[in-house]
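Participant: Have a look at this one before I ask anything.
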Amino acid sequence: MSLEWLPRDNEIKNHELFEDTYLGTEPPCTMYELKPVIDKYGDEITLNINFIATATGNNTFDSLHGQPEVDENMRQLCAITKYPEKWFDFIICRNKDIENENWQPCATENGMDTTTIQNCLDTEAAQLLTENIQLSEELLVGSSPTFLINNQLKFSGAMDAPAIEEIICASDPKPASC
């Protein structure tokens with residue numbers, strides 16, 4: 001499932017991605033609407049997250065919701081990188097109280113070592129975000145969330161789980177569970 005907004009159809013490029021999601025981390029740009037879909041389709045859907053931000057040089061970034069969103073993007077990328085099997089539930093937990101900078105309880109609750117995440121934040125996070133936002137910048141993604149399914153623009157904007165599922169099941173190829 002890919003999330004992105006493109007101003008013109010001819011801006012879509014083939015990146016051989018099954019599904020990508022372009023997100024902000026501030027509400028309403030959250031993962032809540034995806035959880036029931038991911039729970040239902042599990043391994044049939046490859047979900048990639050690409051954040052929407054702009055690199056401004058010297059490992060600094062701008063985003064729609066300012067530095068707190070940039071900081072959360074970095075935390076979530078560290079979780080994705082260090083805990084590929086646990087990151088989704090970490091993000092769901094964080095989104096319950098996204099304005100709270102205390103991310104450690106969500107990490108601990110989801111079996112993540114807070115020192116590992118902190119070390120990533122201190123040493124790798126800026127590079128991870130720089131790499132992560134390249135695709136959304138190249139595709140001119142400017143709205144969150146935006147869904148790109150099977151490398152084709154499908155929709156942008158907040159939707160509930162049944163609407164997302166309907167679009168996924170109309171895709172070609174679609175998950176076997178549809």
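The values are calculated or read from the model by the stated rules, or taken from the named source; none is laboratory data. Not measured: the values here are computed from a predicted model. Positions of Cβ are backbone-derived with ideal geometry, glycine not excepted, and every protein chain shown enters the neighbour counts.
Listed here are the residues, each with its yes/no results for (1) touching a Leu at 6+ places or on another chain (Cβ under 9 Å); (2) modelled with pLDDT of 80 or more; (3) over 27 Å from residue 39 (Cβ atoms).
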{"position": "73", "(1), (2), (3)": "yes, yes, no"}
{"position": "85", "(1), (2), (3)": "no, yes, no"}
{"position": "100", "(1), (2), (3)": "no, yes, no"}
{"position": "111", "(1), (2), (3)": "no, yes, no"}
{"position": "118", "(1), (2), (3)": "no, yes, yes"}
{"position": "150", "(1), (2), (3)": "yes, no, no"}
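Participant: Oh, and also: Yes or no: residue 51 within 15 Å of the chain's Cα centre (by Cα) and among the aromatic types (Phe, Trp, Tyr)?
Facilitator: Considered against the rule, which asks whether it is within 15 Å of the chain's Cα centre (by Cα) and among the aromatic types (Phe, Trp, Tyr), residue 51 comes out as yes.
Participant: Still on this structure, please answer the following. Anything in the stretch 145-178 that is part of a loop (DSSP other than H, G, I, E, B), surrounded by 15 or more Cβ atoms within 10 Å (Cβ to Cβ) and either under 14 Å from the mean Cα position of the chain (by Cα) or of a type in the set (A, V, I, L, M) (or both)? List them, or say none.
Facilitator: 145, 159
Participant: Now a separate question. Does residue 73 satisfy being in contact (Cβ under 8 Å) with a residue 12 or more places away in the chain and loosely packed, with under 13 Cβ neighbours inside 10 Å?
Facilitator: no
Participant: Separate question: (1) free of Cβ contacts under 8 Å to residues at least 24 places away in the same chain; (2) assigned to a helix (DSSP H, G or I); (3) of a type in the set (A, V, I, L, M, F, W, C): which one isn't true of residue 135, the others all being true?
Facilitator: The single condition residue 135 does not satisfy is (1).
Participant: When you check residue 67 against the structure, is it out of contact with any helix residue (DSSP H, G or I) (no Cβ under 9 Å at 6 or more places or on another chain) and at pLDDT 90 or above, yes or no?
Facilitator: yes
Participant: Which one of 111, 142 is outside any helix (DSSP H, G or I), of a type outside the set (Lys, Arg) and closer than 24 Å to residue 165 by Cα?
Facilitator: 142
Participant: A further question follows. Of the numbered conditions (1) under 18 Å from residue 46 (Cβ atoms); (2) touching a helix residue (DSSP H, G or I) at 6+ places or on another chain (Cβ under 6 Å), residue 116 fails exactly one; give the number of that condition.
Facilitator: (1)
Participant: Within the stretch 83-103, track down each residue that is within 14 Å of the chain's Cα centre (by Cα) and of a type in the set (Asp, Glu).
Facilitator: Listed by number, the list holds a single entry, 89.
Participant: Any chance you could count how many residues in the stretch 94-108 are assigned to a helix (DSSP H, G or I) and of a type in the set (Lys, Arg)?
Facilitator: So the count comes out to 1.
Participant: Let me ask something additional. Which residue pairs have Cβ atoms closer than 9 Å, lie 6 or more positions apart in sequence or on different chains, and pair a first residue in the stretch 96-123 that is in contact (Cβ under 8 Å) with a residue 60 or more places away in the chain with a second residue that is surrounded by fewer than 17 Cβ atoms within 10 Å (Cβ to Cβ) and not in a helix (DSSP H, G or I)?
Facilitator: 98/27
Participant: Could I ask something else about it? What number goes with the only condition from (1) surrounded by fewer than 17 Cβ atoms within 10 Å (Cβ to Cβ); (2) of a type outside the set (Ser, Thr, Tyr); (3) touching a strand residue (DSSP E or B) at 6+ places or on another chain (Cβ under 6 Å) that residue 138 does not pass?
Facilitator: Unmet condition: (3).
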